[in-house]
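Remarks on the structure that follows.
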Amino acid sequence: MNHYLDVLKKYSVFSGRARRQEYWMFFLFNVAAIIVVAILDAVLGTSPWLYALYFLGTFLPNLAVTVRRLHDSGKSGWWIFIGAVPVVGLIWIIVLLATAGQPQPNEYGQDPKVLAA
């Protein structure tokens, strides 16, 4: 839960690096929250308003943590657009997000594992 809240605290911080754990834990909690919001939407009959509000509220943090995750592997944040390429782009962005970050400092900052220790 801390990783989810940490990403929300860095609401629109696109600089720096994000560890794999930070990104994937945010992703996991975000998917869980989307499921809960979708169920609430269906039960309350407000579909798709609650989902739309949740999506708008978490769009920038999701984008920011993805860019910081790409920075951790030494890639520019612009690589996020590779996901727009059908099939291959989606697979490639998942590979980039799942790849271990560079252990040494890069142009985006220190290794977040070193900073966390």
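Read the figures in this text as sums done on the coordinates, not as results from a lab. What you are looking at is a predicted structure, and each value in this text was computed from that prediction instead of being measured. No Cβ is skipped: glycine too gets one built from the backbone with ideal geometry, and neighbour counts run over all protein chains shown.
Based on DSSP H segments of at least four residues, each scored -39500 (n - 2.57), the chain has a per-residue ellipticity at 222 nm of -20500 deg cm²/dmol.
In a reduced charge model with +1 at each Lys and Arg Cβ and -1 at each Asp and Glu Cβ, segment 14-85 shows a dipole moment near 360 debye about its Cα centre. Residues whose amide H falls under 5 Å from that of G74, counting only those 5 or more places apart or on a different chain, are Q102, with hydrogens built in the peptide plane.
Computed from phi, the 3J(HN,Hα) profile of segment 28-34 under the Karplus parametrisation 6.51, -1.76, 1.60 (θ = phi - 60°) reads 4, 5, 5, 4, 4, 5, 4 Hz, with x in place of Gly and Pro. Just so you know, the Cα atoms of the chain work out to an Rg and Dmax of 15.4, 51 Å. At an R0 of 22 angstrom, the distance between the Cβ atoms of V43 and A98 translates into a FRET efficiency of 0.05. Along segment 40-54 the Karplus relation, 6.51 cos²θ - 1.76 cosθ + 1.60 evaluated at θ = phi - 60°, assigns HN-Hα couplings of 4, 4, 5, 5, 7, x, 9, 3, x, 5, 5, 4, 4, 5, 5 Hz to successive residues, with x for each Gly and Pro.
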